[in-house]
Amino acid sequence: MDNEEVVCSCMNVTVGMIKDAIDNGARTFEEVQEATSAGTVCGICNDAVQEVIDKFIQG
Ligand code: FES
């Protein structure tokens, strides 16, 4: 997974930004959403955001 890959195009949130949020303590979709604004506009990226979260949390 490329850190530069945009997961949420509405808010221009990348894989790396989601990873940073998790490194800073975010554990749920809601916490990542709060930290990065990913998924706050159209919602179409929600599954993809969750997938990235799962991947980093499971290591
Ligand atoms: S692509 Fe993420 S809210 Fe629209």
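One line per residue, one yes/no per condition, for (1) surrounded by fewer than 16 Cβ atoms within 10 Å (Cβ to Cβ); (2) within 16 Å of the ligand (Cβ to nearest atom):
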position: M1; (1), (2): yes, no
position: V7; (1), (2): no, yes
position: V15; (1), (2): no, yes
position: I18; (1), (2): no, yes
position: A21; (1), (2): no, yes
position: G43; (1), (2): yes, yes
position: V49; (1), (2): no, yes
position: K55; (1), (2): yes, no
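In segment 27-41, of all residues being near the ligand (Cβ under 7 Å from one of its atoms) and either polar (S, T, N, Q) or touching a helix residue (DSSP H, G or I) at 6+ places or on another chain (Cβ under 6 Å) (or both), the one that is farthest from V7 (Cα to Cα) corresponds to T40.
Mind telling me which of the residues I57, I53 ends up being under 11 Å from the mean Cα position of the chain (by Cα) and among the aliphatic types (A, V, I, L, M)? Outline the logic, then answer.
Numbers: I57 fails: under 11 Å from the mean Cα position of the chain (by Cα).
Sole residue among the options that is under 11 Å from the mean Cα position of the chain (by Cα) and among the aliphatic types (A, V, I, L, M): I53.
Filtering segment 26-38 to residues that are under 14 Å from D54 (Cα atoms) and in contact with an Asp or Glu (Cβ under 9 Å, 6 or more places away or on another chain) leaves only A26.
Each reported figure results from applying straightforward, stated rules to the coordinates on display, with no laboratory input. Keep in mind it's a predicted model, so treat the numbers as computed, not measured. Don't worry about glycine lacking a Cβ; one is built from the backbone with ideal geometry, like all the others, and counts go over all protein chains shown.
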